[in-house]
Amino acid sequence: MRQGVSGSVVTAVGLSAMLMSCSSAAPHAAAPPPGPAVAVEPLSIGAGAVDTTGGSIPDGQLISPFDVKNPAVEFLEPALLKAIQDAATAAAAEGVDVLLTSGWRSKGFQQRLFDQAVTTYGNADLAAQFVASPEKSMHVFGKAVDVGPVVADQWMIANGSRFGLCQIYANEIWHFELAVDATGACPPLRPNAAG
Ligand SMILES: [Zn+2]
């Protein structure tokens, strides 16, 4: 099969299929449960409109931090990219696959995630505990990664500081940023993205 030749081609085909199926689906799906903010329903937008999909990774898909052709990885800050790649290499040596459910996100994509969270949680203040606004999200600046699966989150919580990587929010075991201090220690957990 031609489309099986390249992983990125398969991804693009899968995403466009998802976009088409979602934009043509009449009933509105139920709100997704709280969790990694990747369960998005793509909107159909006109060409030249705000980029609401940049950095999006299809729901349930995990990508390698070495997949630098994927914008979610490509546009990470270089220091963070190197740190998560080094961590993934060390984890792999211990039999743990450190993968990403999200990395860099365009401002428009983050806005869409935030808007969806407002719909899900009922108001912006509550939504902000789960999804940062485009002005505050470190994902938009290429300074945050969401790691999966859970075993990888646990490995990162235990070992990430060796690479400068810290869990930031108590309610997001998957979200890591470069955050160690001069002694290599991670800062105290903040309760959530609004805290
Ligand atoms: Zn995150």
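Among the residues examined, THR89 does not qualify as touching a residue at least 60 places away in the same chain (Cβ under 8 Å), away from the ligand (no atom under 15 Å from the Cβ), open to solvent by 70 Å² or more (accessible area, probe 1.4 Å) and among the polar types (S, T, N, Q). Selection of first residues in segment 110-121 that are more than 11 Å from SER137 (Cβ to Cβ) and of second residues that are assigned to a helix (DSSP H, G or I), restricted to Cβ pairs under 8 Å at least 6 apart or on distinct chains, gives the following pairs, ordered by first then second residue: ALA117/ALA127; VAL118/ALA124; VAL118/ALA127; THR120/ALA127; TYR121/ALA127. A single member of THR119, THR52 is surrounded by fewer than 17 Cβ atoms within 10 Å (Cβ to Cβ), modelled with pLDDT of 85 or more and over 29 Å from ILE157 (Cβ atoms), and it is THR119. Among residues of segment 127-146 that are closer than 21 Å to VAL98 by Cβ, those with a Cβ under 6 angstrom from a residue that is among the aromatic types (Phe, Trp, Tyr) and within 12 Å of the ligand (Cβ to nearest atom), sequence gap 6+ or separate chain, pair up as GLY142/TRP104; VAL145/PHE176; ASP146/TRP174.
Within segment 98-150, being part of a helix (DSSP H, G or I) and within 13 Å of the ligand (Cβ to nearest atom) holds for PHE109, GLN110, LEU113, PHE114, ALA117. For segment 152-172, the set of residues classified as more than 16 Å from the ligand (Cβ to nearest atom) and either surrounded by 14 or more Cβ atoms within 10 Å (Cβ to Cβ) or part of a strand (DSSP E or B) (or both) consists of TRP155, ASN159, SER161, PHE163, GLY164, listed by residue number.
Going by the structure shown, is SER8 open to solvent by 60 Å² or more (accessible area, probe 1.4 Å), part of a helix (DSSP H, G or I), at pLDDT below 90 and touching a Lys or Arg at 6+ places or on another chain (Cβ under 9 Å)? The answer is yes for SER8. The conditions of being within 21 Å of GLY160 (Cβ to Cβ) and open to solvent by less than 20 Å² (accessible area, probe 1.4 Å) are met by PRO65. The set of residues in segment 173-195 being free of Cβ contacts under 8 Å to residues at least 40 places away in the same chain, within 13 Å of the ligand (Cβ to nearest atom) and of a type outside the set (Lys, Arg) consists of ILE173, HIS175, ALA179.
The values are calculated or read from the model by the stated rules, or taken from the named source; none is laboratory data. Computed from a predicted structure; not experimentally measured. All Cβ positions, glycine included, derive from the backbone under ideal geometry; neighbour counts span all protein chains shown. These area figures cover heavy atoms from the full protein model, side chains too; ligands, DNA and RNA do not enter into them. Shrake-Rupley method; radii C 1.70, N 1.55, O 1.52, S 1.80 Å.
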